[in-house]
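First comes the structure, then the notes that go with it.
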Amino acid sequence: MSADSEAAAPPGTAAQSPAEALTEIRALVAAGTPLVGALAARFQRAVHALDPAATEDSLAVLPGNRGVHLYDTIVSWAPIVAGEQVIDLGCGSGGATRAAARATGPEGMVVGIDASPECIAEAQARTDPDLPVLYRRGDVQRLGTVPDRTFDCAIASMVLEQLDDLGPLLGEVFRVLRPGGRFVASVTAFDRLRPIDAAFMGAVIAVVGRHAPGALAGRASRASIPHEPLDQAAFKAAGLATVEEQDVQFAVVMEDLDDAWRVFSRTYIAQILDEEGQEELRRILTRRTPHTLYLPLRFLRTRRPG
Ligand SMILES: C[S@@+](CC[C@H](N)C(=O)[O-])C[C@H]1O[C@@H](n2cnc3c(N)ncnc32)[C@H](O)[C@@H]1O
């Protein structure tokens, strides 16, 4: 089985390309099948296989942010310093991994882990071989042979929203951190949208409701990590210290449809829509631009006590 087909096919089915998987999943979700559990995981795998650098290329450096940068923010919020051992969980195309490695310098080391072979290949291609970085394919909820009490810091940049249950990842974070080691994460904080932006996003989500109703079922995406009781309980159960938070607004400046589509076309929102749905989304974005969306991101920080 090729890496591509492996990324898209559920266990036990014939090999399927990520594009075929996406077409099938879009049809199911358009018919109302809830995008949760295994289907949500298949959808995310297919999207990452087809566009492994979506987060880095569309969100990490937004033109409206005058230098505010997703990965440098998480590295300085940790803060990661020279000589540290760091693990980047769900590293994607390696943007945060490389930012962390620039902070650790050659005396330190950063391990980037991702489930997607396409993301690992993209991360390797984007990484200067002189940086102290190692990429490995793996499940961040089961780090297997990664030894206990090894890392000074663990990072999860825009990953927690993708997990149905934070418990397994947080348990692994606790296990692989040294006592006193920090865990930092960035998540979207849709509970903090300005009213005018909530109206903008409401119009976008209404398109999803019309064309991909299954995507709005269940807990396909979270609004407010770590405030949901289940998430709070997961941090506590893992034995991690109380979570500190910093909210940051990322300005998505959209003068016209081209600007808006550059960002939206690479999101899960657009990717779950079939052609007709994407066409309607473009019409809505045309009508609603120019608009500057203040995208609220939340940076979380906790540590293994000790
Ligand atoms: C939204 S992307 C963020 C990528 C990167 N951290 C960044 O900020 O650019 C989420 C990443 O998490 C990875 N991921 C999701 N669930 C995972 C899991 N259980 N194990 C390993 N990687 C996972 C996906 O493959 C994807 O690359």
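The values are calculated or read from the model by the stated rules, or taken from the named source; none is laboratory data. As the structure is a prediction and not an experimental result, all values here were calculated from the model. Every residue, glycine among them, receives a Cβ derived from its backbone with ideal geometry; neighbour counts consider all protein chains shown. Each accessible area value is taken on the protein alone, full model and side chains, heavy atoms only, with ligands, DNA and RNA left out. Shrake-Rupley method; radii C 1.70, N 1.55, O 1.52, S 1.80 Å.
Return only the number of the condition from (1) polar (S, T, N, Q); (2) surrounded by 24 or more Cβ atoms within 10 Å (Cβ to Cβ); (3) farther than 18 Å from ARG303 by Cβ that GLN162 does not satisfy.
(2)
Quick one: would you say ILE87 is at pLDDT 95 or above, within 21 Å of GLU245 (Cα to Cα), touching a strand residue (DSSP E or B) at 6+ places or on another chain (Cβ under 7 Å) and open to solvent by less than 60 Å² (accessible area, probe 1.4 Å)?
Working: at pLDDT 95 or above: yes; within 21 Å of GLU245 (Cα to Cα): yes; touching a strand residue (DSSP E or B) at 6+ places or on another chain (Cβ under 7 Å): yes; open to solvent by less than 60 Å² (accessible area, probe 1.4 Å): yes.
Answer is yes for this residue.
Going residue by residue through region 131-139, is there one that turns out to be in contact with a Phe, Trp or Tyr (Cβ under 9 Å, 6 or more places away or on another chain) and not small (Gly, Ala, Ser)? Full working, then the answer.
Start the filter on region 131-139 by keeping residues that are in contact with a Phe, Trp or Tyr (Cβ under 9 Å, 6 or more places away or on another chain), which leaves none.
No, there is no match, as no residue in region 131-139 is in contact with a Phe, Trp or Tyr (Cβ under 9 Å, 6 or more places away or on another chain) and not small (Gly, Ala, Ser).
Results for (1) over 17 Å from ARG45 (Cα atoms); (2) at pLDDT 95 or above; (3) of a type in the set (Ser, Thr, Tyr); (4) assigned by TED's automatic domain parsing to the domain that holds GLY95, shown as yes or no for each residue.
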| residue | (1), (2), (3), (4) |
| --- | --- |
| ALA121 | no, yes, no, yes |
| PRO129 | yes, yes, no, yes |
| LEU134 | yes, yes, no, yes |
| VAL159 | no, yes, no, yes |
| ASP165 | yes, no, no, yes |
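Got at least one residue in region 56-77 being within 19 Å of VAL176 (Cβ to Cβ), away from the ligand (no atom under 11 Å from the Cβ) and surrounded by fewer than 24 Cβ atoms within 10 Å (Cβ to Cβ)?
Initial filter on region 56-77 (within 19 Å of VAL176 (Cβ to Cβ)): 74-75.
Pick out the ones that are also away from the ligand (no atom under 11 Å from the Cβ) and you get 75.
If we keep only those that are surrounded by fewer than 24 Cβ atoms within 10 Å (Cβ to Cβ) as well, we get none.
Scanning region 56-77, I find no residue that is within 19 Å of VAL176 (Cβ to Cβ), away from the ligand (no atom under 11 Å from the Cβ) and surrounded by fewer than 24 Cβ atoms within 10 Å (Cβ to Cβ), so the answer is no.
Is region 55-68 home to any residue that is small (Gly, Ala, Ser), modelled with pLDDT of 95 or more and over 15 Å from the mean Cα position of the chain (by Cα)?
The answer is no, given that none of the residues of region 55-68 is small (Gly, Ala, Ser), modelled with pLDDT of 95 or more and over 15 Å from the mean Cα position of the chain (by Cα).
Answer yes if at least one residue in region 156-175 is of a type outside the set (Gly, Ala, Ser), on the phi > 0 side of the Ramachandran plot and near the ligand (Cβ under 9 Å from one of its atoms), and no otherwise.
Within region 156-175, the subset of a type outside the set (Gly, Ala, Ser) is 158-166, 168-170, 172-175.
Filter once more, so that each one left must be on the phi > 0 side of the Ramachandran plot: 158.
Next cut, near the ligand (Cβ under 9 Å from one of its atoms) only: 158.
Yes, region 156-175 has at least one match.
Within the group LEU273, LEU281, which residue is assigned by TED's automatic domain parsing to the domain that holds PHE43, in a loop (DSSP other than H, G, I, E, B) and within 23 Å of the chain's Cα centre (by Cα)? Spell out how you get there, then give the answer.
Values: LEU281 fails: in a loop (DSSP other than H, G, I, E, B).
The match here is LEU273.
Restricting to region 116-155, give me the number of residues that are among the hydrophobic types (A, V, I, L, M, F, W, C) and open to solvent by less than 20 Å² (accessible area, probe 1.4 Å). Give the derivation first.
Quick first cut of region 116-155, residues among the hydrophobic types (A, V, I, L, M, F, W, C) only: 119-121, 123, 125, 131, 133-134, 140, 143, 146, 151, 153-155.
From what is left, the residues that are open to solvent by less than 20 Å² (accessible area, probe 1.4 Å) are 119-120, 123, 140, 143, 151, 153-155.
So the answer is 9.
Filtering region 132-155 down to residues that are part of a strand (DSSP E or B) and under 17 Å from LEU240 (Cβ atoms), which residue is nearest to the ligand (Cβ to nearest atom)? Working first, answer last.
Pass one, region 132-155, residues part of a strand (DSSP E or B): 133-137, 139, 142, 151-155.
Checking which are under 17 Å from LEU240 (Cβ atoms) leaves us with 151-155.
Numbers: PHE151: 16, ASP152: 19, CYS153: 14, ALA154: 12, ILE155: 8 Å.
Across region 132-155, the extreme among qualifying residues is ILE155.
What are the residue pairs meeting all of these: first residue in region 229-248, first residue more than 17 Å from ARG182 (Cβ to Cβ), second residue open to solvent by less than 60 Å² (accessible area, probe 1.4 Å) and of a type in the set (D, E, K, R), Cβ atoms under 6 Å, and 6 or more apart or on different chains?
Taking only residues 6 or more apart or on different chains, the pairs are ASP247/ARG298.
Mind telling me which of the residues ALA260, ALA251 ends up being within 20 Å of GLU56 (Cβ to Cβ) and assigned to a helix (DSSP H, G or I)?
Numbers: ALA251 fails: assigned to a helix (DSSP H, G or I).
None of the others qualify; the one that does is ALA260.
Counting only residues that are of a type in the set (Val, Ile, Thr) and either assigned to a helix (DSSP H, G or I) or touching a residue at least 60 places away in the same chain (Cβ under 8 Å) (or both), how many does region 71-130 have? Before you say what the answer is, go through the steps one by one.
Step one: filter region 71-130 for residues of a type in the set (Val, Ile, Thr), giving 73-75, 80-81, 86-87, 97, 104, 110-111, 113, 120, 127.
Right, trim to either assigned to a helix (DSSP H, G or I) or touching a residue at least 60 places away in the same chain (Cβ under 8 Å) (or both) and you get 73-75, 80, 86-87, 97, 104, 120.
Summing the residues that are of a type in the set (Val, Ile, Thr) and either assigned to a helix (DSSP H, G or I) or touching a residue at least 60 places away in the same chain (Cβ under 8 Å) (or both) in region 71-130 gives 9.
Can you say whether PHE264 is at negative phi, open to solvent by less than 30 Å² (accessible area, probe 1.4 Å) and in contact with a Pro (Cβ under 9 Å, 6 or more places away or on another chain), as far as the supplied structure shows?
Details: at negative phi: yes; open to solvent by less than 30 Å² (accessible area, probe 1.4 Å): yes; in contact with a Pro (Cβ under 9 Å, 6 or more places away or on another chain): no.
No.
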